[in-house]
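Working notes, structure below.
The values are calculated or read from the model by the stated rules, or taken from the named source; none is laboratory data. Only a predicted model underlies this, so the values are computations on that prediction, with no experimental measurement involved. Here the Cβ positions follow ideal geometry from the backbone for every residue, glycine too, while neighbour counts run over all protein chains shown.
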Amino acid sequence: MGIQAFCVHGHFYQPPREDPLTGKIPVEPGAAPYQNWNERIHEHCYRPNAELGNFGKISFNIGPTLMEWMASFDPATVRMIVAQDRKNLDAFGVGNAMAQPYNHTILPLASRLDKQTQIRWGITDFQARFGHAPIGMWLPETAVDEETLDVMAQNGIQYTILAPWQAEDPNIDITQPYKVSLPEGRTMTVFFYDQDLSTRVSFDPGSTMNADYFLLNAVLPRFASFNGTGSNQPHLLMVASDGELYGHHQQFRDQFLNRLMTSDMDDRGVRATYPGLWLRDFPAQKMTTIRSYSSWSCHHGVIRWMGPCSCTPQSDWKAPLRLAINELAKRMDEVFLETARQYFVDPWETRDRYIHVLLHQQTAEEIILESATKKIYPDEMRRLELLLRAQYDRQRMYTSCGWFFDDFDRIEPRNNVAYATQAIWNTFLATGIDLTEVAAAWLKPVRSRRSGMKANDVFSQHLQRAQQTTNLELPTPLAILRPESLN
């Protein structure tokens, strides 16, 4: 009998709820007695799991935007989570926390430049929070393509986790990590979670009432089926689920998780582990290929974030919203590149460095001055700061949650439109180039079947608020700001 190991991965994430103007989360009556859903879920899940030490016993990732909110709301819980990863790092030379692309963007639908920004921002955020570089990265919705894996590999990521149906080979051995071949000799290691066990944990509350029963009647029989092959190779079984299941979606499952990962597995010949530690001892030996444009939350792949699929029928608003957001991104990128290339050798590299501003490690002025190829005058500085801020909101408008559900009239898609509005407004303030009419036209076809709410109305309402809260002065385009014009 070969070595038997068991791992639980928890994907911890909440969509951003902050108003892009105020940076605050509005009061959400449905979350009562808490102010908003972040606070309610935190009380049910994040704090109790941290207090139980569960973050030290499993593989996990926490969305960077959620971590940012948590660091201001409850820094003590963040410190506990970080300390639990650090304890594993100190003991084994590799931590159990994984990074995540910053804004939970569906990366196969993103440009290579956006993939790079999202991955680099996620890595830098992880380093700032956890104090060491990540070697693993959880992909939003596990949506994957070869280009995404390649950008991850180019930035030092060694492994990720996917659903078993995301492998081209339908007979993949889920107990083994595999290497995926990438351009120029690069590779990415992929772990595949156990579909049956993960489904039971996620969607069958009865199976997780008792951790000892689950171990004896679900986990151990799975190992027995592998041992019957006569192979002495090591086997790793992994459960992957929404981390908020443990205490929020299912009450008391934080205690189930704690008992499961501290039960007498060792006495039954099963060791608890996590991917980074497993790779240290058992590097991937086999090769495989992945199914591009696939995901874990929809068997139709990334279609769910592009238009209607049978998982979210009558979602005819999704395709025009995706089209509108893509068109606005294209227009804003043209303005950004045309303007910023006058000051920076590589404007996209400067955008990638903007994560240090979000983390309060540097000011926007410091980033600009370090990247600039010539003297920056005060008025130019202010406008370049606005232009980089616009690129930040432009990243936010791709948050995957805006397309996940079946109706447009929800906070997630409305916020994506608000982030797009803010990006357009800051682009106007920086350059004098007005994209508001273009945006309203592209957003007009996006409409809620349930309430009749239209995306162009959401856009107009947020734009009006932005205008009212800005000390508006007619912008002078950066392209004509020259020293002689400032004399």
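Descriptive notes on the structure:
- Assessment of the stretch 220-242 against the conditions (in a helix (DSSP H, G or I), within 16 Å of Asn54 (Cα to Cα), in the same structural domain as Ile62 (by TED's automatic domain parsing) and within 29 Å of the chain's Cα centre (by Cα)) yields no matching residue.
- Selection status of Ser371, buried (at least 19 other Cβ atoms within 10 Å of the Cβ), among the polar types (S, T, N, Q) and free of Cβ contacts under 8 Å to residues at least 40 places away in the same chain: yes
- Test for Ile411: is it at pLDDT below 95 and more than 21 Å from Glu334 (Cβ to Cβ): yes
- Considering Asp173, Asp196, the condition of being modelled with pLDDT of 95 or more, in a loop (DSSP other than H, G, I, E, B) and either buried (at least 21 other Cβ atoms within 10 Å of the Cβ) or not β-branched (Val, Ile, Thr) (or both) is satisfied by Asp173 alone.
- The helices (runs of 4 or more DSSP H) found wholly in the stretch 360-467 and carrying at least 1 residues that are of a type in the set (Phe, Trp, Tyr) and not assigned by TED's automatic domain parsing to the domain that holds Val27 occupy 378-396, 401-404, 411-431, 436-443.
Table: residues versus (1) at pLDDT below 90; (2) touching a Gly at 6+ places or on another chain (Cβ under 7 Å); (3) assigned to a loop (DSSP other than H, G, I, E, B).
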{"position": "His248", "(1), (2), (3)": "no, no, yes"}
{"position": "Phe256", "(1), (2), (3)": "no, no, no"}
{"position": "Met261", "(1), (2), (3)": "no, no, no"}
{"position": "Asp264", "(1), (2), (3)": "yes, no, yes"}
{"position": "Asp267", "(1), (2), (3)": "yes, no, no"}
{"position": "Ala284", "(1), (2), (3)": "no, no, yes"}
{"position": "Met287", "(1), (2), (3)": "no, no, no"}
{"position": "Trp296", "(1), (2), (3)": "no, no, yes"}
{"position": "His299", "(1), (2), (3)": "yes, no, yes"}
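- Residues in the stretch 83-110 that are assigned to a helix (DSSP H, G or I) and not aromatic (Phe, Trp, Tyr): Ala83, Gln84, Asp85, Arg86, Lys87, Asn88, Leu89, Asp90, Ala91, Leu107, Pro108, Leu109.
- Asn155 vs. criteria in contact with a strand residue (DSSP E or B) (Cβ under 8 Å, 6 or more places away or on another chain) and of a type in the set (S, T, N, Q): no
- Scanning the stretch 57-85 for residues that are of a type in the set (Lys, Arg) and either over 20 Å from Trp138 (Cβ atoms) or surrounded by fewer than 17 Cβ atoms within 10 Å (Cβ to Cβ) (or both) yields one hit, Arg79.
- Among (1) of a type in the set (Phe, Trp, Tyr); (2) closer than 24 Å to Thr105 by Cβ; (3) without any contact (Cβ under 8 Å) to a residue 60 or more places away in the chain, the one test that Tyr34 misses: (2)
- The residues on offer are Ala430, Ala439, Ala420, Ala479, and the sole one that is surrounded by 19 or more Cβ atoms within 10 Å (Cβ to Cβ) and either at pLDDT below 95 or within 25 Å of the chain's Cα centre (by Cα) (or both) is Ala420.
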